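Below you'll find the structure, written out as structure tokens, and then a few comments.
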Amino acid sequence: MTGQPSSPDQRPVPPGHQTTFLHGRAWTFGDDVSTDHIAPGRLFHLRNDLPELAKHVLEDADPEFAKRVKPGDFVVGGRNFGMGSSREHAPRIIKLAGVGAVLAQSFARIFFRNAVNVGLPVLQCDTSRIERFDELEVDLEAGVVHDRTNGVSVPFQPLPPVMLKILSDGGLVEHFRKYGEFHLPEG
């Protein structure tokens, strides 16, 4: 949620603060994107240097992605995004690459949980009408993706306040570091 804007009307979000609006371009991928597509197994030796590994994120699915992704851009998948092994560093390096959120028709359960743990929004919605490089605006609280390129709005289950709080804190681990326990937002 932090970083530089990918479009002129988006303002950077200071570290540790959450916005419920995200803006960026769509990078589209198909069904069954595996954790090996996200974090290539041949680069396993970089697992202790995540910023270096992030320079190779999704390169087996799209060789241009890691070089051209901009802060705030979105990874848009089909069904079963993040399938395969339980590589916790897969969602971490997506986040380190500056991706604002991952949108997919469905997620592998372990990828979904690991993404939440590291503070990467994962949104299940109909991605079939989103095209490569469409300009998207996502409202996490209202639960809607606005495709500014084609005029389509796609609903998803709005994120509850507790999930927004965890994402704002940088993920579940950072949330527990900050509060020492599970902390529900007031209200």
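The values are calculated or read from the model by the stated rules, or taken from the named source; none is laboratory data. These numbers come from a predicted model, not from an experiment. Here Cβ is always computed from backbone atoms with ideal geometry, including for glycine, and neighbour counts include all displayed protein chains.
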Could we say that Arg92 is basic (Lys, Arg) and under 25 Å from Leu184 (Cα atoms) here?
yes
If we ask which residues in segment 135-187 are of a type in the set (S, T, N, Q) and in contact (Cβ under 8 Å) with a residue 24 or more places away in the chain, their number turns out to be 2
Out of Glu59, Glu88, Glu52, Glu64, report the one residue that is in contact with a helix residue (DSSP H, G or I) (Cβ under 8 Å, 6 or more places away or on another chain), among the acidic types (Asp, Glu) and closer than 26 Å to Asp147 by Cα.
Glu59
Among Pro5, Pro15, which is over 24 Å from Ile130 (Cα atoms) and at pLDDT below 95?
Pro15
Tell me, please, whether a residue that is in contact with a His (Cβ under 6 Å, 6 or more places away or on another chain) and more than 26 Å from Ala66 (Cβ to Cβ) can be found in segment 140-158.
yes
Looking at segment 47-76, which of the residues that are more than 24 Å from Glu135 (Cβ to Cβ) and of a type in the set (Lys, Arg) is modelled with the highest pLDDT?
Lys55
Kindly indicate whether any position in segment 111-124 is of a type outside the set (Asp, Glu) and loosely packed, with under 15 Cβ neighbours inside 10 Å.
no
The lone condition Val118 fails out of (1) closer than 26 Å to Asp36 by Cβ; (2) modelled with pLDDT under 95; (3) in contact with an Asp or Glu (Cβ under 6 Å, 6 or more places away or on another chain) is (3)
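Matching residues to (1) surrounded by 18 or more Cβ atoms within 10 Å (Cβ to Cβ); (2) under 14 Å from Ala101 (Cβ atoms):
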residue: Thr149; (1), (2): no, no
residue: Val154; (1), (2): yes, yes
residue: Leu164; (1), (2): yes, yes
residue: Leu167; (1), (2): yes, yes
residue: Gly171; (1), (2): yes, yes
residue: His175; (1), (2): yes, no
residue: Tyr179; (1), (2): no, no
residue: His183; (1), (2): no, no
residue: Glu186; (1), (2): no, no
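Rundown of residues vs (1) aromatic (Phe, Trp, Tyr); (2) modelled with pLDDT of 90 or more; (3) touching a strand residue (DSSP E or B) at 6+ places or on another chain (Cβ under 9 Å), yes/no style:
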position	(1), (2), (3)
Gly78	no, yes, yes
Leu140	no, yes, yes
Gly151	no, yes, no
Val173	no, no, no
Going through segment 135-145 in order, the residues found to be closer than 20 Å to Arg79 by Cα and over 16 Å from the mean Cα position of the chain (by Cα) are none
Would you confirm whether or not segment 160-174 contains a residue that is in a strand (DSSP E or B) and not hydroxyl-bearing (Ser, Thr, Tyr)?
no
Can you report the number of residues in segment 31-46 which are closer than 26 Å to His146 by Cβ and at pLDDT below 95?
0
